[in-house]
Amino acid sequence: MSETLTQFGTSFQSKIIASLLRDMKFMQTINDILSPEMFDSDSNKWLVNSIGEYYEEYKKQPTLEVIKYQVDKIENEVLKSGVVDKLREVWKNVEATDLEFVQSQTLDFCKNQSLKSAILESVDLLDNKDYDGIKSIIDEAMKAGTERDIGQDYITSLDLRLEASARATTQTPWDVINDIMDGGLGEGELGVIVAPAGIGKSWTLQALGAGALKTDKTVVHYTLELNENYVGLRYDSIFTGVTTANIKYYKEDVKSKIEKLPGKLLIKYFPTKAASVQTIGSHLKQIELSGIKPDVVLVDYADILMPTGNFREKRHAIGNIYEDLRGLAGELEVPIWTASQANRSALEEDVIGADKVAEDYSKVMTADFVMSMSRKVEDKIANTGRFHVIKNRFGVDGVTYPSTINTNIGQVQIFEGSSQFGKDAQSKMNNSEEYMRKELANKYKDFGKKVDGFE
């Protein structure tokens, strides 16, 4: 009995609080029965109460910045000091390996603490030989966690539903895509760009990042192939229209343009297969601890992340990566965009569908929004392409949009087919072979002139 009553000590309680901050599903599951009075120290009680009150009001966990703000308002200096020390301890446990076990034992913890409280309350009743009262108190304590929320009352919860349906989104640079996504990619959602190698996936991800940066968003860009400096040069090209090779000749012009950008961009390189989703998650939490809250996260690209666990088949490993990435988006309440390889057979496809997604179709099932891009050889010459919506959790899918794509300067535009720009791009693609023939003929003429001049 003694062992049972003491096994849920200081370390265990700190890890419960860490789980409340880290795991939204756990918060939703346990919040209705977890009470601050179940915790031993005043610091723990204060943290549990603050987290619970914030969740009840906003239906999400408080960030570290929110908690720090609340701590600053504590008037009792002794309590404030204790909460600060406890918060440091809690944050060290956010990445603890045994949190799943702690969470599985939390219901027993609630019963245990309720029982301890009931026993202490029963002392006076025992003196008075009020055995019925003691039994009532003990029975009530033993029921802790058994009487749970039975669900949402559909009739009376209209306001709550409507409030929850209002997604906080970050727009893409393309109006036509924002329209079908109901505003853009939302907090906790995963968007995927699918394309074969060499088509322009990375440029498209950077176009998404550049668009967010222009609208005063904080963007974190993870690159797993290209180094940080080169990715930065690509952003320079997008914002200035100058090729990466020529940026060095326009340094002052480039500087004057990027200094006027309202948002913030962090570029972080991890070697291919050396970083997992957990690596990215830990880095994002470091960023938050430094006082920076990301609005958009880009991962270029998820297929070459390292899976967590051992998988015999590559497709299962890839599926695990995308599930973890979607979970990270939900945990941090931030939209995450990534890219994915299409099969080699997709290289000459006019439109790339879900059947061309490489390795594992579960990527499509996991993501909230999936859009493919296709560019044949003649498209590359004409700077055109097609974007096809494979999956859209927020609206229509199965639609294809003409586009212009210039990978020399990172300019990616997507148009409604009925618009003039869309018609112009589609016309180029419809006559792509003739366009390519003319381009090659002109290059041949130029080459001939150079040869004649040499002679």
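Bear in mind that the values in this text are calculations on the coordinates, not laboratory data. Keep in mind it's a predicted model, so treat the numbers as computed, not measured. Positions of Cβ are backbone-derived with ideal geometry, glycine not excepted, and every protein chain shown enters the neighbour counts.
Of note:
- At R0 = 22 Å, FRET efficiency that the Cβ-Cβ distance of ARG344 and HIS316 yields, to 0.05: 0.55
- Rounded Å value of the spacing that divides the Cα centres of the stretch 322-385 and the stretch 169-242: 13
- Simple spin-label estimate for ALA96 and THR272 gives 3.9 nm between the two label positions (7 Å along the Cα-to-Cβ direction from each Cα).
- The stretch 271-314, dipole about Cα centre (Lys/Arg Cβ +1, Asp/Glu Cβ -1), debye to the nearest 20: 180
- For the residue pairs LYS380/LYS423; LYS214/LYS363; LYS15/LYS285; LYS45/LYS80; LYS268/LYS314; LYS25/LYS60, the C-alpha atoms sit more than 21 angstrom apart in LYS214/LYS363; LYS268/LYS314.
- Dipole-positive endmost among GLY263, THR279, ILE321 within the stretch 245-327 (Cβ charges, Cα centre): GLY263
- Cα gyration tensor, the stretch 169-443 - rounded (a/c under 1.5), prolate or oblate: oblate
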